Amino acid sequence: MAMQTEQFAQVLSALEGTLASYGFQPLPGEAGAALTVNDNAAYALYAGEKGALKLQYQNERVELFAADDAETLESDGKRLLVSLLPGGADERDVKYVVSEMSETLETRFSQKVVAKKKQGPKAPQTVSKAAVKAGSFYDPNTLASKLCLVFPELRDAYKENLAQYEEFLAEEFFENYGTPRVIAAIKENKPATMKKLFQTLNEIYEDGTNDTQSLIAVTILGALDNDQVLLARCVDYMSETMAPPVIEVNKFLATGKGKKAKEKMKNPPAYKPKKKKKQGFLSQMMAGGGGGITPPAI
């Protein structure tokens, strides 16, 4: 965990000025230093007139917690943000985490932001892992949000999508931005990026809604166009749950009927706000019963 702790320490160092500007000063940890490192986690505590904060690194994620005082952080601390910082993270990943943390701190503690009029729609709340364990399912917005952690350059497109449609329009985001970036990453075939990407896709697919699974298997990975070289690269990273549908979708989209279906997907009906979306394409393919994939009639 030494390398990850070093990266976490870089995050803390970069945030020192921001934290100080809101009146937060580091509290001595278990060994007297601000940063405390245990076997499975590392954390730092801060306190000031506006309350107390805890920045924690665990399971390749940096989490930010807030409470009224340091004594209630563990029992009543509210998680404000979780940001991905994988073991193989580079300088860009560290900068992205710092940027997210700074933005969250500004939103919560800056008087200028509090006094400023609300601009644009608020991002839909993502589905947490805890919520999934309690019976919820990952939705398309959560998939997009997690994908922005893997590819920070998608973040602006995600925000523009929300601003333009006043809700998250998944089809537009993935067709124009998310899918091309994923396919480019698969073609680049960098092990660290592939691992990070498919950790996200596998997790979301495993407990995703039908529409979310359809986005992954059809809209995103269906764009591999049954390229056997690219598919072979993905198989090593895909979970046992996700791999069979992805392979079958690619096979189907390479057939005559599949190509016609693909053309229809490229020309969806005009956007109508606040309408329920139709059943996902993958759901239609899976609706034949018996667990097999039955291509829809075209």
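Each value in this text was obtained by applying a stated rule to the coordinates, not by laboratory testing. Predicted model only: the values in this text are computed from it and were never measured. Neighbour counts run over all protein chains shown; Cβ positions are idealised from the backbone, glycine included.
Simple spin-label model, 7 Å along Cα-to-Cβ: ALA20 to ARG61 in nm?
With each label placed 7 Å out from Cα toward Cβ, I get 3.1 nm.
Just grab the label-to-label distance for ASP225 and ALA131, each label 7 Å out from Cα along the Cβ direction, in nm (one decimal).
That separation, rounded to one decimal, is 3.7 nm.
Considering only VAL218, LEU201, GLY258, whose Cα is most displaced toward the positive end of the charge dipole of region 201-261, charges sitting on Cβ of Lys, Arg (+1) and Asp, Glu (-1)?
GLY258
R0 = 25 Å: FRET efficiency of ASP236 with ARG92, Cβ-based, nearest 0.05? Don't skip to the answer; put the middle values down first.
Working: r = 25 Å, r/R0 = 0.98.
Between ASP236 and ARG92 the formula returns 0.50.
Listed here are the pairs LYS146/LYS195; LYS54/LYS159; LYS54/LYS95; which of them are more than 21 Å apart at the Cα?
Details: LYS146/LYS195 14 Å; LYS54/LYS159 27 Å; LYS54/LYS95 19 Å.
Check vs 21 Å cut-off fails for LYS54/LYS159.
Count the net charge of all other residues whose Cβ sits under 9 Å from the Cβ of GLU63, scoring Lys and Arg as +1 and Asp and Glu as -1.
Values: positive: LYS54, ARG61, ARG79; negative: none.
Overall, the nearby charge balance is +3.
From largest to smallest, what semi-axes in whole angstrom does region 8-91 give when each is the square root of 5 times an eigenvalue of its alpha carbon gyration tensor? Could you put the intermediate results ahead of the total?
Details: eigenvalues 78, 40, 34 Å².
The equivalent ellipsoid of region 8-91 has semi-axes of 20, 14, 13 Å.
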